[in-house]
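Some notes on the structure that comes next.
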Amino acid sequence: MSLIQKLKGELIDIIQWTEPADNDILAYRFPRYDNEIKNGARLTVREGQVAVFVNEGKLADVYQPGMYTLSTPNMPILSTLKGWKYGFNSPFRAECYFISTRQFTDLKWGTPNPIMMRDPDFGIIRLRAFGTYAMHVSDAATFLRQQVATNPVFESFQISSQMRDTIVSRFTDVVGQCHIPALEMAGNYDKISQTALTKIKTDLATLGVELTLFYVENISLPPEVEKAIDTRASMGALGDMGQYTRYQTATAIPLAASNPGGMGGIGVGLGAGMAMGNQMGAAMAGNTAKPPPFPQAASYFLAAGGKQSGPFELSSLSGKIASGEFKPDTLVWKDGMAGWVAAGQVDELKPLFPAQPPPLPPA
């Protein structure tokens, strides 16, 4: 440092930091030649700042926004460390750090790797998430001890990686413990954000930093799962697969008429499409298929005395045997028989007649 710069440093009696509005500096050490500060120097701390004095590696006085005259009464801790009982007149050596306490917004976070979880609808799935957060230095003394140390300029990017790791870790815990199905997470972003914010604050407090806002912008499924969901939604939108197949057929007929050379290929395509549509319709119908009708009992026509009567079911014929109207030699016929046959020769009717004993042997 040149002699002129040294003299300028000795003449300066105002200590202040005019922080640019668009910078990302969290801590700034006020430059002074040999760290000498004059007795009676004026310290200006603006809103959104805190000034911290460090002497011989030990944190001394902390000043909130305002204007101060640096003297023994206004520097109780530093005066004690120096052993000044009756004040001081000569310059003293101390480092002055300005800590920015303003809020840093629109900071990004995201999951570098998918989050594995068990979902009631899809089974084991992987989720990705991203969002924004805002933070500020809540405890200047702790932040200076834990993060800044002797760094003359400390910017937000130097702590962003550690904050993102903390955010992702606690967010993963919240997603795993809330047991919210993946399809219902979109309606619970606020609940997830507030729960995660509470957990993250506890970890960051040890660094002197506080998370003021935390938002989940999106939680997404893997592309293949999203594609399957889209396919399922499309099938639901089609409704009746039979009607859809008929519509596709009606649409294809004019195309086939305008392209006679392709009639064969189009016909095959239509046939395959109709078969697929029928199969899909049957699959979607599930258990709605009706059972076949009950089999109907056989009915016979009777011929007696040159007259035809009937048809009669087997239960009715049993009653006619008792009255003598139906005998083994009565001619019968039903659908499927070639002609009239005696009832005693029909296998289905033989059980209706009582067994007749054989003729008696000759004496």
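Values quoted throughout were computed directly from the atomic coordinates according to the rules given, and no laboratory measurement underlies them. Since the structure is predicted, the reported quantities are computational estimates derived from the model, not experimental observations. Every residue, glycine as well, gets a Cβ built from its backbone with ideal geometry; the counts of neighbours run over all protein chains shown.
Computed quantities for the displayed model
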| quantity | calculated |
| --- | --- |
| Sequence of HIS136, HIS179 once ranked by neighbouring C-beta atoms within 10 Å, starting from the fewest | HIS179, HIS136 |
| Sequence of GLU325, GLU184 once ranked by neighbouring C-beta atoms within 10 Å, starting from the fewest | GLU184, GLU325 |
| Ascending count of other beta-carbon atoms within 10 Å, so fewest first, for ILE14, ILE167, ILE180, ILE125 | ILE14, ILE125, ILE180, ILE167 |
| Relative packing of peptides 170-176, 157-163 - highest average C-beta neighbours within 10 Å first | 170-176, 157-163 |
| Tail fraction, Cα-Cα pairs, segment 27-105, threshold 20 Å, whole percent | 28 percent |
| Peptide ranges 47-55, 226-234 listed from the most packed, as the mean C-beta count within 10 angstrom indicates | 47-55, 226-234 |
| Quarter of Cα convex hull surface for segment 299-352, i.e. mean projection, nm² | 3.4 nm² |
